[in-house]
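Report on the structure given below.
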Amino acid sequence: MGTSKGYHLYVGGNGGVKPRMADLLLENLQADQLIPVIDSVIEYYKEKGKPQERLGRLIDRIGLEELRSHAQQAIGA
């Protein structure tokens, strides 16, 4: 979501039988930071996710802070 200070990146939301609200991963990202952060989230999901596990369930299992820490490393924060 774009704001006057940058972009807020939400992850892990889905609809369906077991809906889940997305979690705020990082705030006030600049446009040039979005792709590296998104790439790092996808990389983490591919490495840590179980077969057929959705990103939201992975976040529930490992904790948002774990994913946030990984994403921050992508931008040197």
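Every number here is computed from the coordinates shown, using simple stated rules; none is lab data. Being a predicted model, the structure only gives us computed values, none of them experimental. When we count neighbours, we look across all protein chains shown, and the Cβ atoms used for this are built from the backbone with ideal geometry, even at glycine.
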Cβ-based net charge around Gly13, under 14 Å, with every Lys or Arg adding one and every Asp or Glu removing one: +2
Estimated FRET transfer efficiency when R0 is 30 angstrom, pair Lys18-Ile62 (beta carbons, to 0.05): 0.95
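From Cα pairs below 8 angstrom and at least 6 apart in sequence, can you work out the relative contact order of region 2-74, rounded to a whole percent?
On the way: 82 pairs, mean separation 22.7, N = 73.
For region 2-74, the relative contact order is 31 percent.
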Under-5 Å amide H pairs with Gly6, H placed in peptide plane, nonlocal only: none
For region 2-74, the fraction of alpha-carbon pairs in successive 5 Å shells from zero, as %: 3, 15, 28, 24, 17, 9, 3, 0
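DSSP loop (so not H, G, I, E, B), at most 16 other Cβ within 10 Å: list which GluC sites (Glu not before Pro) in the chain pass both filters.
Details: sites: Glu27, Glu43, Glu47, Glu53, Glu65, Glu66; in loops: Glu53.
Here the GluC sites (Glu not before Pro) that fit, given the DSSP loop and packing criteria, are Glu53.
Which value, in debye to the nearest 20, describes the size of the charge dipole of the chain about its Cα centre when Lys and Arg Cβ atoms bear +1, Asp and Glu Cβ atoms bear -1, and nothing else is charged?
340
As an exercise, identify the trypsin sites (Lys or Arg not before Pro) in the chain lying in DSSP coil whose Cβ has no more than 13 other Cβ atoms within 10 Å. Provide the component values of the computation, followed by the final result.
Working: sites: Lys5, Arg20, Lys46, Lys48, Arg54, Arg57, Arg61, Arg68; in loops: Lys5, Arg54.
Passing sites in the chain are Lys5.
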